[in-house]
């Protein structure tokens, strides 16, 4: 069976085109993987920052509450009046 040179060129073109297409798909998948991993890392970092902010806010609220309780205790015991009498 004889094949014409045009047919051989067509087969060669299709083979090269398929190989280039596979390379492009492979590169595209790697780029998508990097983007997804970066997005996941940013979301994790954002969650950690939010958790740290919440913990800092809770700590500030606890300190403020302790100061209020201490001030209330001093007021009940009359510490300020005792100091004023000295």
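Since every read-out is calculated from the coordinates, none of them should be taken as a lab result. Since the model is a prediction, treat every value here as computed from it, not as a measurement. Cβ placement follows ideal geometry from the backbone for every residue including glycine, while neighbour counts extend to all protein chains displayed.
Brief remarks follow.
- Distance (nanometres) between label positions extended 7 Å along Cα→Cβ at residue 33 and residue 52: 3.0 nm
- The slack in the chain from residue 19 to residue 72, taken as 0.36 nm per residue of separation less the alpha-carbon distance, amounts to 11.2 nm.
- Every Cα-Cα pair of the range 5-85 was included, and the share exceeding 18 Å stands at 74 percent.
- Axis of helix 5-77 versus longest Cα principal axis of the chain: the two differ by about 0°, to the nearest ten degrees.
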